[in-house]
Amino acid sequence: MSLVRNVGTIGGLTALSRVFGFARDMLLARVLGAGLAADAFQLAFILPNTFRRLFAEGAFSVAFVPMYSRRLHDGDQGPNGGEAGANHFAQDVLSIFVWVLLGFTALCLLAMPGIVWLLARDYQDVPGKFELSVKLAQITFPYLGLVSLVAMLSGLLNARSKFAPGAFVPVLLNIVLIAGLGVGYWVGHHGGSDLDIATVLAISIPVAGAVQLAYMWWATRRAGVRLRITTPRITPEIKRLGMLILPATFGAGVYQISQFVDTFFATTLPQGSLTLLKLADRLNQMPLGIVGIALGTAILPMLARHIQTGDDLEAQRLQTNAVEMATLLTLPAAVALAICAPAFTTAFFVGGKMTGQDGLIMGDIVIALVIGLPAYVLVKVFQPAFFSREDTKTPVFVAAAVLAINIAINFYVVPRYGIVGLAAATAFTATLNVLTLYTILQARGWFRFTAKLGGRIARQVLASAAMGAALWFLVPLMADRYGGNVIERIWSLAALVLTGMAVFFAVAWIVGALDKDLIAQLRRRRSSAK
């Protein structure tokens, strides 16, 4: 399977999810603004979502997918290899996983007041805010168990090169949450308070998890995989999976762990800071989610197969292509977001209960966050080089060092520079994480930065700089339009986006930042597909 085709499939469906997610947050900003109820809901949403990314989509997936893929593609068609062996292994994992999730969820529900206190103890200084946060978090947390099963089934299908169902399932979450916002808006216009609206939104999250699990179960059966929950068995394979998951929980999840760190520091700042940070991160997550998730999901099973067969040249080529694709898509995105941040935050989020001043603060946060955008995505490219070799220990030490540095920096910058300093610290330490991972990969001979790749990236930087200069000139000319009526907002942002794309791709084509052979290959594939 082609990396480009797989990334295109995953990226396209993830883009659809991000569009729905963006619409969700635009509505959320207008319905709740950046006040007490909004902060409490954001905290309640962060908890299951971050645990999901850390354990289910992070540690569990990077350990489970290579092991499942190895059995699936094993030439031995006996009970321990091939289709039968892979499905037997997955069934054993499922039978253990369900009980682990139930136990962990129940424990967290009981301990929720303490968990919220650890993350947001300053919320106790605002009457009712701490209590509301605990209540909403207890409502939303069962989503973790449901979506963790979704992540397992998604990983199983990814190992079979069926990427579409797992990439589509987040769309269902956003559709259900948008429906919840509609109900919340109706409640608010019929005498309900912001607290009532936040409760409705919290209820919609586990409902979305149930919808997602039902869809993935159907997709798995449609792919010919029949799994049953049986009596749990601690087999040698399950023990090995557990040994891989423990260090991967930290190594694969440094970005997610940093979310808890950022949440802790954000809750010490003025009311609304957590909400503004999360809404600003939505702009950062658009390219990060589309490109990073697509590359990381597609490269892991493919890289594992090349390494298992001893094809080091193909593994190097795959990683080089992934790095080039990552920088091609994230460098211009970072430049454009940094320059256009005030325009985007005003046009997308200001309105209803979200004030213009909130929009300006959000723009500053976006600028700080996107400095690290290429690094956020390159982490997704470099980590599979370790995970596919079942080396989950090395990223642990890197992640531990980076996280310690991040915490130390936050203690210095947050009291002085507030929420913007917090975002900048995240970007800086993400870059440090990437540089360290690459240095180790090169030292071990697992990946090397070639002159050809360096030249291509240098050309991408040149094209991004040209685009940035054009946007720098254009953005102030339409400053009065970004907060105008709907038509003014649309055409002013469209002018920025179209101008930026035209300048970047024109310059990129001229200087050779685009791989013309790859584009020709894609054209031939499209022609043959028609």
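Derivation of every value follows stated rules applied to the coordinates shown; laboratory data play no part. In this text, all values refer to a predicted model and were calculated from it rather than measured experimentally. Quick reminder, even Gly has a Cβ in these numbers, built from the backbone with ideal geometry, and neighbours come from all protein chains shown.
For the chain, the relative contact order is 20 percent, taking Cα pairs closer than 8 Å that sit 6 or more residues apart in sequence and dividing their mean separation by the residue count. Projecting label points 7 angstrom from Cα along Cα→Cβ for GLN124 and PHE104 puts them 2.8 nm apart. Extension gain, TRP186 to GLU83, is 32.1 nm, computed as 0.36 nm per intervening residue step minus the present C-alpha separation. Packing, taken as the mean count of other beta carbons within 10 Å per residue, orders the peptides 45-54, 123-132 from highest to lowest as 45-54, 123-132.
Compared with the direct C-alpha span, the chain from VAL486 to ALA458 gains 6.2 nm at full extension, assuming 0.36 nm per residue. Cross-linked pairs LYS162/LYS278; LYS393/LYS452; LYS162/LYS380: Cα-Cα separations exceed 23 Å for LYS162/LYS278; LYS393/LYS452. Simple point charges give the picture: +1 on the Cβ of Lys and Arg, -1 on the Cβ of Asp and Glu, and for the chain a dipole about the Cα centre of about 1400 debye. Here the sum of -39500 (n - 2.57) over DSSP H runs of 4 or more residues, divided by the residues of the chain, equals -27500 deg cm²/dmol at 222 nm, to the nearest 500.
Scoring 64-71, 181-188, 101-108 by mean Cβ neighbours within 10 Å over their residues and listing the highest first yields 64-71, 181-188, 101-108.
Each peptide in 347-354, 233-240 receives the mean, over its residues, of other Cβ atoms within 10 Å, and ordering these scores from highest gives 347-354, 233-240. Between rounded, prolate and oblate, where does the chain land on the alpha carbon gyration tensor, with a ≥ b ≥ c its root eigenvalues, rounded for a/c under 1.5, else prolate if a/b exceeds b/c? Oblate is the answer for the chain, as a/c is 1.5 or above yet b/c matches or exceeds a/b. Residue separation of THR235 and LEU313 scaled by 0.36 nm, minus their Cα-Cα distance, works out to 24.6 nm of gained length.
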